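> The structure follows.
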Amino acid sequence: MSDKNTKPWALYHQSRPDKIENIQRYYPIVYLPWGALEYHSYHNPVGLDSIKAYNLCIDLAKACGGLVLPPIYQAANLIKSYPGVDFKKHSIEFSESLILQTCVEYFHQLIDAGFKVIVCLSGHAGEPHLNILRQVSQDFALLYPSHRFWTLAEFDILPIHMLEANHSALGETSLQLFYDPESVDLSLLPQDRPTSLIEDGISGLDPRHANAGLGSEIAHLFITNASKIINILLDEAMSKTQVKMEYNILGRTNLPVSKIGLGTWAYGNNVYGGVSELDV
């Protein structure tokens with residue numbers, strides 16, 4: 001994505017302490033891309049969830065400032081153990097208890113490292129994996145009211161007509177084509193029948209129509225919407241008058257697209273980050 005208005009940012013693991021501290025002084029935001037090593041059908045790499053989350057986090061850091069951690073290749077509830085399908089190979093699966101422990105320890109360590117805003121972007125949306133990560137954010141928001149925590153999946157803040165939860169289907173494949181086109185081979189998909197979860201490990205709209213242009217649209221709208229929330233969180237975290245944040249993520253519902261939001265942050269009588277704040 002364009003670097004035209006890039007804020008101070010860096011990759012945490014490639015940065016010296018002086019660079020980290022210079023960025024943290026004004027942008028104490030850290031991005032934790034949470035991925036997986038999981039079978040994503042014939043046409044996508046097994047690290048798709050991590051590649052997607054990592055690149056979206058980099059683009060968020062460019063837009064909002066902060067530091068990006070290396071991806072976590074650790075996930076529960078993979079297609080490997082999904083009932084009714086048989087895709088045992090090419091997935092490395094971990095327990096839900098380990099996901100919880102890892103997330104809690106990461107958050108504690110990131111607070112100790114001086115970050116005020118922790119954004120955890122999960123490229124993997126298996127359940128309860130994703131809800132475990134969300135719950136940790138909510139718990140830490142109560143424990144550390146002067147900090148801000150946000151766990152999300154990319155589809156949380158996008159309209160359903162553009163992106164919904166999927167596995168290696170149109171949305172994920174288009175993002176992969178945008179960020180890492182050489183890792184995708186659409187010619188490996190079946191040409192004589194529809195794709196399916198049972199036969200191909202694909203859940204969602206037909207990935208044979210995937211293209212980098214759609215991936216670019218998805219990524220840009222995600223960055224636009226997420227940046228609005230992160231800027232609010234940063235302003236509050238840097239404020240001398242700290243207020244308790246009531247945090248709630250709204251899942252997908254049967255509401256019209258215009259009414260679907262990503263949750264609200266309530267400060268006294270003011271509500272931020274609701275659907276009125278976003279063009280979804």
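> Closer than 30 Å to SER41 by Cα and either modelled with pLDDT under 50 or of a type in the set (Asp, Glu) (or both): which single residue out of GLU277, GLU199, GLU246 fits that description?
That would be GLU199, the only listed residue that is closer than 30 Å to SER41 by Cα and either modelled with pLDDT under 50 or of a type in the set (Asp, Glu) (or both).
> Which pairs have Cβ atoms under 6 Å, sit 6 or more apart or on different chains, and link a residue in the stretch 108-130 that is over 24 Å from ASN77 (Cβ atoms) to one that is surrounded by fewer than 21 Cβ atoms within 10 Å (Cβ to Cβ) and polar (S, T, N, Q)?
GLY114/GLN24
> Right, something else. Might you let me know whether the stretch 22-32 holds any residue that is closer than 27 Å to GLU182 by Cα and touching a Cys at 6+ places or on another chain (Cβ under 8 Å)?
yes
> Do any residues in the stretch 226-237 that are surrounded by fewer than 17 Cβ atoms within 10 Å (Cβ to Cβ) and assigned to a helix (DSSP H, G or I) have Cβ atoms under 8 Å from those of residues that are among the aliphatic types (A, V, I, L, M) and at pLDDT 95 or above, where the two are at least six apart or on different chains, and which pairs are they?
What qualifies is SER227/LEU60; SER227/ALA63.
> Could you tell me how many of the residues in the stretch 49-82 are of a type in the set (Ser, Thr, Tyr), out of contact with any strand residue (DSSP E or B) (no Cβ under 6 Å at 6 or more places or on another chain) and either free of Cβ contacts under 8 Å to residues at least 12 places away in the same chain or surrounded by fewer than 21 Cβ atoms within 10 Å (Cβ to Cβ) (or both)?
Within the stretch 49-82, residues that are of a type in the set (Ser, Thr, Tyr), out of contact with any strand residue (DSSP E or B) (no Cβ under 6 Å at 6 or more places or on another chain) and either free of Cβ contacts under 8 Å to residues at least 12 places away in the same chain or surrounded by fewer than 21 Cβ atoms within 10 Å (Cβ to Cβ) (or both) number 2.
> Additional query: Considering the stretch 119-145 alone, what residues qualify as being in a helix (DSSP H, G or I), in contact with a helix residue (DSSP H, G or I) (Cβ under 9 Å, 6 or more places away or on another chain) and closer than 23 Å to LEU163 by Cβ?
Hits for the stretch 119-145 are HIS129, ILE132, LEU133, SER137.
> Here is a list of conditions, (1) surrounded by 13 or more Cβ atoms within 10 Å (Cβ to Cβ); (2) at pLDDT below 95; (3) under 18 Å from GLY171 (Cα atoms), and VAL257 meets all of them except one; can you say which number that is?
Answer for VAL257: the failing condition is (1).
> Moving on. Do we find that ASP206 is farther than 25 Å from LEU152 by Cα, touching a Ser or Thr at 6+ places or on another chain (Cβ under 9 Å), surrounded by 13 or more Cβ atoms within 10 Å (Cβ to Cβ) and not hydrophobic (A, V, I, L, M, F, W, C) in this structure?
For ASP206, the condition - farther than 25 Å from LEU152 by Cα, touching a Ser or Thr at 6+ places or on another chain (Cβ under 9 Å), surrounded by 13 or more Cβ atoms within 10 Å (Cβ to Cβ) and not hydrophobic (A, V, I, L, M, F, W, C) - is not met.
> Of all residues in the stretch 92-117, count the ones that are in a helix (DSSP H, G or I), surrounded by 13 or more Cβ atoms within 10 Å (Cβ to Cβ) and of a type in the set (D, E, K, R).
1
> Does the stretch 153-193 hold any residues that are among the hydroxyl-bearing types (Ser, Thr, Tyr), surrounded by fewer than 23 Cβ atoms within 10 Å (Cβ to Cβ) and in a loop (DSSP other than H, G, I, E, B), and which are they?
Residues satisfying the conditions do not exist here.
Yes or no, residue by residue, for (1) among the aliphatic types (A, V, I, L, M); (2) farther than 21 Å from HIS220 by Cβ; (3) in a strand (DSSP E or B):
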position: TYR39; (1), (2), (3): no, yes, no
position: HIS43; (1), (2), (3): no, yes, no
position: VAL46; (1), (2), (3): yes, yes, no
position: ASP49; (1), (2), (3): no, no, no
position: TYR54; (1), (2), (3): no, no, no
position: LEU60; (1), (2), (3): yes, no, no
position: ALA63; (1), (2), (3): yes, no, no
position: ALA75; (1), (2), (3): yes, yes, no
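> Scan the stretch 59-92 residue by residue and report those that are charged (D, E, K, R) and more than 17 Å from the chain's Cα centre (by Cα).
LYS80, ASP86, LYS88, LYS89
The values are calculated or read from the model by the stated rules, or taken from the named source; none is laboratory data. Please read these numbers as outputs of a predicted model, since none were measured by experiment. No Cβ is skipped: glycine too gets one built from the backbone with ideal geometry, and neighbour counts run over all protein chains shown.
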